[in-house]
Amino acid sequence: MKYLIKGVILAWLLMQANFLLADIFRGQDEQGNASYSDIPSPNSTLVKSTATQRYKHKVVWVYDGDTIKLENGEKVRLLGIDTPEVANYQRKAVAGGNAAKKWLTKQLKNTDIYLEYDQQKRDKYQRLLAYIYTDEGQNINYELVERGLAIVNLFPPNLRYKDELLAAQQQAQQQQLGMWAMKRYQVIPVDKIRKASGWKRYQGEVTSIKNSRKYVRVIFNEKLSVRIAKANLELFADLERYIGKTVEVRGWLSGKKAPFSMLVRHPSALIIIKDKVN
């Protein structure tokens, strides 16, 4: 009977792990009796391990390449990435948007998913923010970036997989995969900025740094400045090092006409290309 009870306990722990993954340990006393717990003991061995907690769900709808709907009605925004917009009644699809949605839909069809949260669980729209895994352990956020279907868009404090995502993006860019081969996403000189039109890459020489009450501004020219919230300054090295250097900035312009500004939350969107040539 006691072995049946212990078997039931083990089954229950492993079943719970499908919803809230945690380390499970097998212990054994001097008489050879086994016990299972999520708390390790000196003589226990690891049965099931995950570094983080993940929660099991089913997907009922894919809105686009980075937003889905769960069976319980919750919307989920994939963390650390951004994909181009798909078509709706207000706009046409942006280059690469339909491809990202099609790939994501195929990956999530007829499979359970596991959500892993970072430090901040919801955004200002009350959507869940998560990294998504399939039953096979496939990291969906990472693969979208690796295939060039998404760009990395980091929002502090959710930075758990920043290094992995940025490495995948660098590889996709070097191999000119997906978005990186499209004309829309090639670098534009800052002096050729005409209007705000979605996520873009701009490049030019930084001329000065200016302070305001909430932001530090990295000035390129009379057309473009980059805003960095003072709350995020600790993520950046000395901003003075950008002055006189050719820098690429990635993101979304604000404003209907020059001077435009761009909000940057993480240094991965403000890349030094080369020093000034004298």
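The values are calculated or read from the model by the stated rules, or taken from the named source; none is laboratory data. The structure displayed is predicted, hence computed values, not measured ones. Using ideal geometry, Cβ is built from the backbone for each residue, glycine included, and neighbour counts are taken over all protein chains shown.
When Gln171, Gln176 are checked against the criterion of being assigned to a loop (DSSP other than H, G, I, E, B) and surrounded by fewer than 17 Cβ atoms within 10 Å (Cβ to Cβ), a single residue qualifies: Gln176.
Looking only at the stretch 226-236, decide whether some residue is part of a loop (DSSP other than H, G, I, E, B) and more than 25 Å from the chain's Cα centre (by Cα). No, every residue in the stretch 226-236 fails to be part of a loop (DSSP other than H, G, I, E, B) and more than 25 Å from the chain's Cα centre (by Cα). In summary, Ala196 fulfils each of the numbered conditions (1) touching a residue at least 60 places away in the same chain (Cβ under 8 Å); (2) outside the structural domain of Val247 (by TED's automatic domain parsing); (3) under 23 Å from Ile228 (Cβ atoms) with the single exception of condition (2).
Filtering Asp123, Asp112 for residues that are modelled with pLDDT under 95, touching a strand residue (DSSP E or B) at 6+ places or on another chain (Cβ under 9 Å) and of a type outside the set (Val, Ile, Thr) leaves a single hit, Asp112.
Going through the stretch 69-113 one residue at a time, which ones are assigned to a loop (DSSP other than H, G, I, E, B), of a type in the set (Ser, Thr, Tyr) and without any contact (Cβ under 8 Å) to a residue 60 or more places away in the chain? Quick ask: steps written out before the conclusion?
As a first pass, look at the stretch 69-113 and keep what is assigned to a loop (DSSP other than H, G, I, E, B): 71-74, 79-80, 83-96, 109-111.
Going one step further and asking which of them are of a type in the set (Ser, Thr, Tyr), we end up with 83, 89, 111.
Scanning the stretch 69-113 gives Tyr89, Thr111.
When restricted to residues that are in contact with a helix residue (DSSP H, G or I) (Cβ under 8 Å, 6 or more places away or on another chain), outside any strand (DSSP E or B) and surrounded by fewer than 17 Cβ atoms within 10 Å (Cβ to Cβ), the stretch 134-146 contains 1.
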